[in-house]
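In what follows, a single structure is set out as structure tokens and then discussed.
The values are calculated or read from the model by the stated rules, or taken from the named source; none is laboratory data. Computed from a predicted structure; not experimentally measured. Heads up, the Cβs are rebuilt from the backbone with ideal geometry, glycines too, and the neighbour counts pull from every protein chain shown. Each accessible area value is taken on the protein alone, full model and side chains, heavy atoms only, with ligands, DNA and RNA left out. Shrake-Rupley method; radii C 1.70, N 1.55, O 1.52, S 1.80 Å.
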Amino acid sequence: MGFISENIDKALGAVEKGRENMDYSPQSREVGRVLSVARGVARIEGLGSVRSEELITLGVGVPGMALDLLEDSIGVALLGSNTGLRAGDEAVPSGQVLSVPVGESLLGRIVDPLGNPLDGGPHPETFETRVVESEAPPILMRAPVDTPMASGIKVIDTLIPIGRGQRELILGDRQTGKTAIALDIILNQKKGDVVCVYCAIGQRSASVARVIDTLRSHGAMSYTFVVVVEGDAPSGMQYIAPYAATSMAEYFMEQGKDVLIVYDDLTRHAQAYRQLSLLMRRPPGREAFPGDIFYIHSRLLERSTRLKPEHGGGTLTALPIVETEAQNISAYIPTNLISITDGQIYLSPVLFQKGMLPAIDVGKSVSRVGGRAQAPAYRKVSGDLRLTYSQFQELEAFARFGTRLDQDTRKRIEHGLRVRELLKQDRFSPLNAAEQVVILWTVSLGLLDDIPLERISEVQEYLITKLEEGFESMERLPQAGPKDGVWAELEKAIVHHMSLWREANAAA
Ligand SMILES: Nc1ncnc2c1ncn2[C@@H]1O[C@H](COP(=O)(O)OP(=O)(O)OP(=O)(O)O)[C@@H](O)[C@H]1O
Ligand SMILES: [Mg+2]
């Protein structure tokens, strides 16, 4: 009895104390009014203290984000359908900057930029939120890029290597294999520890479905999640998509993980932002884009980095994709992005038509920081590959005029043709670093120069299989320095297997 009354007393005491601390003064809550609604944009008045990017609820519950703060009105990008929303409706600010749920449970899921499931599953169970437009890590928290992000694609890992924490632009005309490259890089992380994010912006549902299907059928969804906003979604949703996806990715980076994010593509993103800006009557600039279009992309891509070990050592690698028109890489958005990123992979429709796949134009592609992260063996095998290859391209152009060629030129052309043949690679057929090194070393030794072009890929497969079975130092090959004894061993093994192959094929 005494026990109960004691507890009741305690409870009453607590209530009393709570009442004492309660604030009974009148509270004011700002409520604004919708002035006008246009496609995906509303203008509201009567909200004085709203912050930029604050979440505002309009009418019966349409979410929106404050984007254009003027003295007498606010432009709001709608993040939902505007049906049922009309002038005069209430606009209630949340007091919070727009944020998204983040957490481990996003892995394997397909969500919209606000974290709502699109795969028919339940809401991802998350216990944290992050603001959509979070600040990029300050310089003092950043470390230089020094670990490779293996793509499994020979021409990239050899000549345009990507490092973890780097931003590498993928650009090219439509249907040149941009998405295919990004997907191959995601699929190549299967055996590793990288968390991948594919952010689809403004694409047709059929294309997105194809990507998701590819990720699923190759078992990539266990370490990947997809953020989707389709082409018919409100411009505001398309605009926030890459920022929201980055916030979700940053959660993993801050756990010390290596994260890879693909933005497919930023052309659509820029167009959505242009539409929002024009509807908000901001002054248009070049190509009718608003003046701050450079800033919106640089502020997005600045968030990719490698954190110092004392800050967890996580990395965020970004592969933004941009579409060019008629191979014009000096259009406004592509040049902006080229200047923001640490390099670009340029896909040429001409190479694509010739069946040179992946259609990467080596001359117009570069990686400005990835070289530092490249495994040492690559330097040995690709040393002057770029040079000999571009010389070959020039010679080849000459040879087309039917000029009589001297022995040396003819030899160089034959060699270049083999290099080109070897740099071809089908989709979904990644090679690890050791396998790539074997192949490149073989060609740079000139051992393939007398092999018919149409049998090159067969020889490649044969060599890889034989060496994987019988060459003991295979695993440590990528780390071998230029003076390592393993090179002589490797050469011996390659010569041996090549002569076996020649014998077998001469007999046949
Ligand atoms: N290395 C490759 N080997 C064989 N086929 C390829 C290769 N790369 C791309 N393709 C094929 O080329 C077509 C276009 O590829 P993809 O969709 O990746 O191009 P895209 O540039 O992303 O196109 P879009 O501009 O429509 O986004 C696809 O059918 C794809 O399968
Ligand atoms: Mg694509």
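Numerical summary
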item: Pair list, Cβ < 7 Å and 6+ apart or interchain, from region 203-226 residues that are open to solvent by 60 Å² or more (accessible area, probe 1.4 Å) to residues that are outside any strand (DSSP E or B) and at pLDDT below 95; result: R204/G231
item: Count of residues meeting criterion [under 24 Å from R142 (Cβ atoms) and either among the charged types (D, E, K, R) or within 11 Å of ligand 2 (Cβ to nearest atom) (or both)] in region 183-206; result: 1
item: Residue list for region 284-303, restricted to those being in a helix (DSSP H, G or I), of a type outside the set (D, E) and either outside the structural domain of Y263 (by TED's automatic domain parsing) or without any contact (Cβ under 8 Å) to a residue 60 or more places away in the chain (or both); result: R286, A288, I293, F294, Y295, I296, H297, S298, L300
item: Residue match in region 149-161 (condition: open to solvent by 20 Å² or more (accessible area, probe 1.4 Å), more than 14 Å from ligand 2 (Cβ to nearest atom) and closer than 16 Å to L260 by Cα); result: yes
item: Residues within region 210-251 that are more than 18 Å from the chain's Cα centre (by Cα), within 16 Å of ligand 1 (Cβ to nearest atom) and of a type in the set (S, T, N, Q), tallied; result: 1
item: Counted residues, region 98-118 - those being closer than 15 Å to V197 by Cβ, outside any strand (DSSP E or B) and not small (G, A, S); result: 7
item: Matching residues, region 323-364, being out of contact with any Asp or Glu (no Cβ under 6 Å at 6 or more places or on another chain) and of a type in the set (G, A, S); result: A326, S330, A331, S339, G355, A359, G363
item: From the options N328, N336, residue that is assigned by TED's automatic domain parsing to the domain that holds A288, not small (G, A, S) and not in a loop (DSSP other than H, G, I, E, B); result: N336
item: L47, sole failed condition from (1) in a strand (DSSP E or B); (2) open to solvent by less than 30 Å² (accessible area, probe 1.4 Å); (3) farther than 25 Å from G231 by Cβ; result: (1)
item: Of all residues in region 317-326 being within 14 Å of ligand 1 (Cβ to nearest atom) and buried (at least 16 other Cβ atoms within 10 Å of the Cβ), the one that is nearest to L260 (Cα to Cα); result: L319
item: Residue list for region 332-354, filter: surrounded by fewer than 17 Cβ atoms within 10 Å (Cβ to Cβ) and either within 16 Å of ligand 1 (Cβ to nearest atom) or at pLDDT below 95 (or both); result: V350, Q353, K354
item: Candidate set: region 155-202, residues that are hydrophobic (A, V, I, L, M, F, W, C) and assigned to a loop (DSSP other than H, G, I, E, B); chosen: the one farthest from ligand 1 (Cβ to nearest atom); result: I162
item: Search result, residues across region 459-508 that are basic (K, R) and not in a helix (DSSP H, G or I); result: K483
item: Every pair of residues 6+ apart whose Cβ atoms lie under 6 Å, when the first sits in region 243-267 and is within 16 Å of ligand 2 (Cβ to nearest atom) while the second is of a type in the set (S, T, N, Q); result: D264/T179
item: Given (1) under 24 Å from the mean Cα position of the chain (by Cα); (2) open to solvent by 30 Å² or more (accessible area, probe 1.4 Å); (3) at pLDDT 95 or above, index of the condition R33 fails; result: (1)
item: Filter result (within 16 Å of ligand 2 (Cβ to nearest atom) and assigned to a helix (DSSP H, G or I)) within region 207-236; result: S207, V208, A209, R210, V211, I212, D213, T214, L215
